[in-house]
Structure formats: structure tokens, C-alpha cells
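These notes concern the structure reproduced below.
Derivation of every value follows stated rules applied to the coordinates shown; laboratory data play no part. Computed from a predicted model, the values in this text were never measured in an experiment. Don't worry about glycine lacking a Cβ; one is built from the backbone with ideal geometry, like all the others, and counts go over all protein chains shown.
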Amino acid sequence: MEKVDYKITFWGVRGSLPVPGSKTIKYGGNTPCVQIQIGDRLFIMDAGTGIYNLGQHLIKQKKPASGDIFITHTHWDHIQGFPFFTPAFIKGNRFALYGIRSVNLTFEDLMKGQMEYDHFPVSLDEMGSSINFHELAFGTEMDLGDDVVLRTVWNNHPGGCLSYRLDHGGRSCCYMTDTEHTEKIKPDFLKFAAGADVIIYDTHFTDKEYAGYEGFPSVKGWGHSTWQEGIKLVKACGAKKLVLFHHATYRSDYDMEVIEHQAQEQYPNVVAAREGMVISL
Ligand SMILES: [Zn+2]
Ligand SMILES: [Zn+2]
């Protein structure tokens, strides 16, 4: 089999809320969106506000776009860019959207909800491209064709959330955001991320913030992890590179540089995600 590129591009790396401005120029202010390009196959992790710039990039290529979009969960920061994803408005383009349902609503209803008339003037059905919905469960292993295998695992996050892993030709990337660590790493996490080349991990908090300090309450139970726990995970599952992700809104470029440096002192193969960063496997 011919070896094709396996390329990860970061379009949005911030958690919770977009925070553009002079303090977030280096790492970026858009909410989660990561492009994983495997040969001709386009895979997109989450549709936060970063997906807008990905859309503009795809439009410039002036060829039909089709791809698989994996939504971890439907909290705003992971879907809010979708109504502004221009390629989804173009007839002839095809997208498959994957995600989880809630107790009361299907995944399709959840995605359509943010585009109801009271919130947005164009409904999802009017977008123009062909959009198909696929509901996923945790523990899924699915052949996506072209020798790409998808795996999922259940995160520890309010309302539920999935992590995704894509394997191709002996190379692999785990996208594990919006998950809170447990005292002992969950066995299914270890199995899921075992030997991965890259783990993109929710490092919204620091250990100090997680525990609470100087009058600030603990953020335990908020559904997010820390960079220190990310290092523990990568080491425990024999993965290679850790990418710090879902940066807190209040984290400036300077704060991020400090955290990135501290993390690299504990584990050399760490990088903090920033918009425009590309990792090739
Ligand atoms: Zn989030
Ligand atoms: Zn969330």
C-alpha cells in the first residue's frame, strides 16, 4: 500500500468561549476544531469557531469538499462554528456528521437546535450540501474505508462526551477533549490511547486550579483535566506526543508559554496546541 500523508492541523484550540485579542495572538482564540487529513480523506474533530477558518481554507482549494466531522459533544464551544462552515452550504459537497445523542434528543436534533430560527436565520436543512448524521456509542470500532479505523471511548464530562482515535497505516491520533481525570486512570482510557503517536488532551486547568487555591474554589466536577494529568496519561499508555488543548479562556499567550515550558520539563514530547500548528505523522 502506498504511504499517504497523515497530517493534523489545528484551527481552534481554546475551550468554552472564543477569546480573540492582543493576549491570544500566538496560541489563538477560537474554540475547538482540528483537521486530520489522511491522504485525500478529510476528517474534522469538532466544529467550534475554528471551523470557520478551515472552511475558508477548503473553499480556496476550489474543489468539491467532502469529509467526516466528529463532534465530541454538543456544548456550544464544540458546535458553534458549524453554521459558518461555508463548504457545508455548497451543493455537491458531502459531509457525514458523527456524534452522540442526549437523553431526550437525537444527535441530529441537537445539531439542528442551534440553527432554529430564533437563534440563526438559516436552518441546517437549507445548508445546501449533503449532510448525513450518524449516532455513535462509546467503545465503537468502525472501518471508515481507505484503511482508516475509528475508535471511541466515553469521557468523564457533564452530559457525556466521546473521545476519538483514528488509526491508519500504523499511525494514530487520539482526540480526547472535555474529560475530567479520575483518581486512577480509567482502564478503558489506557486501552483506547495505548501506543498512540499523538494524544490531544483536555488540559483546561492546572493541578493547582483543580484543587482550588487562595480563595478560589476547586474546579473538581467541571469535566476538565490538567496538563499534569495529561503527562500521566501519555506515560501510562505508552503514547508518544502530548498536545495540550482546550486552553482556558483567561490564559494569555504568556501564561501558555509558561505552562508549555513547565510541561516540557516534566515530559519532553509536549507541545501546546496553537492555531495553524501542523503535526505530520
Ligand atoms: Zn469544551
Ligand atoms: Zn464540554
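Around the Cα centre of the chain, unit charges on the Cβ atoms of Lys, Arg, Asp and Glu (plus for the first two, minus for the last two) sum to a dipole of about 560 debye. Each helix, a run of at least 4 DSSP H residues, gives -39500 (n - 2.57); summed and divided by the residues of the chain, these come to -5500 deg cm²/dmol at 222 nm.
In loop segments of the stretch 133-188 as defined by DSSP, the GluC sites (Glu not before Pro) with at most 15 further C-beta atoms inside 10 Å of their C-beta are Glu183.
In units of the compact-protein estimate 2.2 N^0.38 Å, the stretch 6-280 shows a Cα radius of gyration of 0.95. Put in order of Cβ neighbour count within 10 Å, fewest first, the listed residues Glu108, Glu275, Glu2, Glu116 become Glu2, Glu116, Glu108, Glu275.
Inter-label distance, Lys62 to Lys208: 5.2 nm, where each label sits 7 Å from its Cα along the C-beta direction. For the chain, the longest principal axis of the C-alpha atoms and the axis of helix 50-60 are separated by about 40°.
Whole-Hz Karplus values for the stretch 67-82 come out as x, 10, 10, 9, 9, 5, 5, 9, 4, 3, 4, 9, 10, 5, x, 4 Hz, taken residue by residue from phi with 6.51 cos²θ - 1.76 cosθ + 1.60 and θ = phi - 60°; glycine and proline positions read x. Using R0 = 30 Å, the C-beta based FRET efficiency linking Glu183 and His261 works out to 0.65. For the chain, the longest principal axis of the alpha carbon atoms and the long axis of helix 227-236 meet at an angle near 90°. The simple Förster model, with R0 at 22 Å and r as the Cβ-Cβ distance, assigns Asp118 and Ser22 a FRET efficiency of 0.05.
Picking from Tyr52, Asn30, Ala273, whose Cα lies most toward the positive end of the charge dipole for the chain (charges on Cβ: Lys, Arg +1; Asp, Glu -1)? It is Ala273, whose Cα lies furthest towards the positive end.
How high is the FRET efficiency between Glu141 and Lys220 when r is their beta carbon distance and R₀ equals 35 Å, given to the nearest 0.05? Result of the calculation: an efficiency of 0.65. Among DSSP bridges having both ends in the chain, what percentage is antiparallel? Round to the nearest 5. For the chain, the DSSP antiparallel bridge percentage is about 50.
For Lys63, which lysines qualify as cross-link partners when the Cα separation must be under 24 Å and same-chain residues fewer than eight apart are set aside? Leaving aside lysines fewer than 8 places away in the same chain, those within reach of Lys63 are Lys3, Lys7, Lys91.
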